[in-house]
Amino acid sequence: MVELWEAIADNFPELASGYWLTVRTVTISFVIALVIGTAVALLRIAPTRVLRAIGTVYVEVFRGLPLLVLLIMAFSGLRRAGVPITATVAGPATLGLYTAAYVAEILRSGFFAVGKGQREASLSLGLDGGQTMRHVVLPQAFRTVIPPLASLTVAMIKNSAIIGGSLLATQDLLKEARIEVGASGNATPLFFWAAVGYLTLTVGATVIARRLETRYAVRR
Amino acid sequence: MSKSTKWRWLAAMLATLAVLVVAACGDDEDGGGGGGGASADVEQFPADTTMGRIQEAGSIKVGVKYDVPPFGFQNPQTDEIEGFDVDLARAVADALGVELDPIEAISDNRIPFLMDGTADLILSTMTINTERDAEIDFSDPYFVARGRILVPGDSDIQGIDDLGGQKVCTAVGSTYEETLKEQAPDAELVLIDEYSGCLTRLQEGSVDAISTDDVILTGMIIQDDTLELVGDELTTEPYGAGIKDGDKEFQEFVNGVFEEYKSDPRWAESYEKWVGQYTGQEQEPTDLSLQEALEISG
């Protein structure tokens, strides 16, 4: 027990700075994932074949490659191609684009979960395509996608630790813990605190999702 | 499945099992007699010592680097793990009359590996220092490396004083984290898992310099001769083998093996093979004691 408190007291500034970087990384990645993911989902259900094909290629590429491979391509690959990208940009951008492929698939399934009859009813009431989407389909689709999006967000928070362990070497929470382990050899208490840090984020994400679920729940 | 087929399957499985058991026993005998002439006169140790336990197991698990030529690395031609540290590990295995079982130990997992028994011994370019000495025990130093800086040939960096504001790469968990924080406080550290990652980043220009032991940097120059060592020696890094904390008997045993290894031609042969032929430098085996090593590196 004493060992645990000593570990956090001795290494607080380092662990806190790692935690802060992890928070920033997952926040930026989450925004990118939602924005790009929605755009790709719209491409996937677009009426034009070319647009659908673009969406499909995006999903297959970003979902089909290991995150580590994407990270190295986005950092080392681009740098070798002459793009002076930094690890601080490449990390969250790659994690966001990777997660976006999953977001797109979740949104697409949510879209198809809304019965065809809903759309037909809306159109026959005189709403146009856009209005049907905004007022009838999306609100219902949103409700069904909250739980899978919450799982995805939790996975994304944990995936963020891959960035620091890769060639990008950013000093996120897990990395800071590892650096301090290297200096002291005291692995268990430091990794315990790193675990606590990740749990605050993953549990936090789950709690927010639960609230959203309750708010948009339909009592039947 | 009919009844007779079932029996046939059972018989076949029992036969296979019997063959495996016989084969496993056969291996054991091979292991005991393995290592050629050296093992014939090997001392058998009591089962309650680390040496006895290793002899019982038939192999010694030694944590070495897999990506640090010329000390511990995977030979791309043969896939074997080779290097100066690996030669020394083999000497310890021979002295016990057991097989060498190398396992990959990177800088930030090797101390936990010793503590939890994943490795019996660590020989992975590990500098003796007091921080680590509090967690594990060290053998006497078997090699002395010097801290240097590696830069691309066209770099403006000529020494430690030029590192301010520059990105300097070293391995997570290595002594250079502290060294650089003290000697070049304005440098921006990039801490990577493996030194091979530092080399990649230096080549693609996302770090400006690498700082670590000269032998590791020599290994990088062997791979890419446009790179060069600059500046004075930053540090003296006596390498020691890592031993589980408090295991005095094993520590004494390892020291005995090292003593013999340093005094006969094996140390010099291994040095020439892995370091000397590339650097053109000669070096005598170190006679530093563990106490002196701890005083040097603090």
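Treating only the Cβ of Lys, Arg, Asp and Glu as charged (+1, +1, -1, -1), what charge dipole size does the stretch B:122-195 show about its Cα centre? Round to the nearest 20 debye. Walk me through the numbers on the way to the answer.
Values: 5 positive and 16 negative charges, 37 e Å.
For this selection, approximately 180 debye.
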Add +1 for every Lys or Arg and -1 for every Asp or Glu among the other residues with Cβ under 13 Å from the Cβ of B:Pro46, and state the total. -3
Pair B:Glu56, B:Ala268: separation of 7 Å Cα→Cβ label points (nm): 4.1
Once you place label points 7 Å from the Cα toward the Cβ at A:Asp128 and B:Val230, how far apart are they in nm? 6.5
Karplus-derived HN-Hα couplings along the stretch B:211-228 (A = 6.51, B = -1.76, C = 1.60, θ = phi - 60°), whole Hz, x at Gly and Pro: 10, 6, 5, 4, 5, 5, 5, 4, x, 6, 5, 4, 7, 8, 7, 7, 8, 9
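If you average over every viewing direction, what projected area does the convex hull of the Cα atoms of the protein assembly as shown give, in nm²? Please report the intermediate quantities before stating the final value.
Numbers: hull surface 142.8 nm².
Its average projected convex-hull area is 35.7 nm².
So if R0 is 22 Å, what FRET efficiency would A:Ile208 and A:Gln140 give, r being the distance between their Cβ atoms, rounded to the nearest 0.05?
Values: r = 21 Å, r/R0 = 0.94.
About 0.60, to the nearest 0.05.
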Euclidean distance between Cα centres, the stretch B:259-298 to the stretch A:144-220, Å: 46
Within the stretch B:165-181, whose backbone N sits under 17 Å from a point 7 Å along Cα→Cβ of B:Glu204? B:167-170
What are the principal axis extents of the Cα atoms in chain A, in Å, biggest first? 70, 49, 21
For A:Ala104, the net charge from surrounding residues (Cβ-Cβ under 15 Å; K, R +1; D, E -1) works out to +2
Computed on Cα atoms, the radius of gyration and Dmax of the stretch B:145-236 in angstrom are 11.3, 30
For A:Lys175, go through the lysines and keep the ones whose alpha-carbon is under 19 Å away, minus same-chain ones fewer than eight residues off. A:Lys158, B:Lys167, B:Lys181
Pop out the ³J(HN,Hα) list for the stretch A:29-36 in order, Karplus 6.51 cos²θ - 1.76 cosθ + 1.60 with θ = phi - 60°, rounded to Hz; leave Gly and Pro as x. 4, 5, 4, 4, 4, 5, 5, 5
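Sum up the charges of everything whose Cβ sits under 10 Å from the Cβ of B:Phe250, counting Lys and Arg as +1 and Asp and Glu as -1, but leave B:Phe250 out. Before the final figure, lay out each step's value.
On the way: positive: B:Arg53, B:Lys244, B:Lys248; negative: B:Asp120, B:Asp137, B:Asp247, B:Glu249, B:Glu252.
That works out to -2.
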Treating only the Cα positions of the stretch B:54-143 as identical point scatterers, give the base-10 log of I(q)/I(0) from the Debye formula at each q in 0.13 Å⁻¹. -0.40
Selection from B:Ile149, B:Ser206, B:Tyr176 lying farthest towards where the dipole of the stretch B:145-236 points positive, charges on Cβ: B:Tyr176
B:Thr235 long-range amide H proximity, modeled H, under 5 Å: B:Gly147
What size of dipole, in debye to the nearest 20, comes out for the stretch B:145-236 about its Cα centre when the only charges are +1 on Lys and Arg C-beta atoms and -1 on Asp and Glu C-beta atoms? 160
So, R0 is 25 Å and r is the distance between the beta-carbons of A:Val61 and A:Arg119; what FRET efficiency does that work out to, to 0.05? 0.25
With +1 on each Lys and Arg Cβ and -1 on each Asp and Glu Cβ, and nothing else charged, work out how big the dipole of chain B is about its Cα centre, in Debye to the nearest 20. 1620
Partner shielding of A:164-172, as the mean number of partner chain Cβ atoms within 10 Å, equals 5
Integer Hz, Karplus 6.51/-1.76/1.60 couplings in order for the stretch B:169-179, x for Gly and Pro: 9, 8, 8, 4, x, 8, 5, 6, 3, 5, 3
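So for chain B, averaging the separation of alpha carbon pairs under 8 Å that are six or more residues apart and normalising by length, what relative contact order in percent results?
Taking the mean separation of contacting Cα pairs over the length of chain B, I get 22 percent.
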Between B:Asp67 and residues 5 or more places away or on another chain, which pairs have amide H atoms under 5 Å apart, with H built 1.01 Å from N, and which residues are they? none
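Determine, from the Cβ-Cβ distance of B:Asp156 and A:Ala16 and an R0 of 30 Å, the FRET efficiency 1/(1 + (r/R0)^6), rounded to the nearest 0.05.
Working: r = 35 Å, r/R0 = 1.17.
Here the calculated transfer efficiency is 0.30.
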So how far apart, in nm, are the two label points at A:Val2 and A:Phe112 if each is 7 Å from Cα heading toward Cβ? 6.1
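The numbers here are math on the coordinates, done by the rules we state, and not lab data. Bear in mind the structure is a predicted one, so any value in this text is a computation, not a measurement. Quick reminder, even Gly has a Cβ in these numbers, built from the backbone with ideal geometry, and neighbours come from all protein chains shown.
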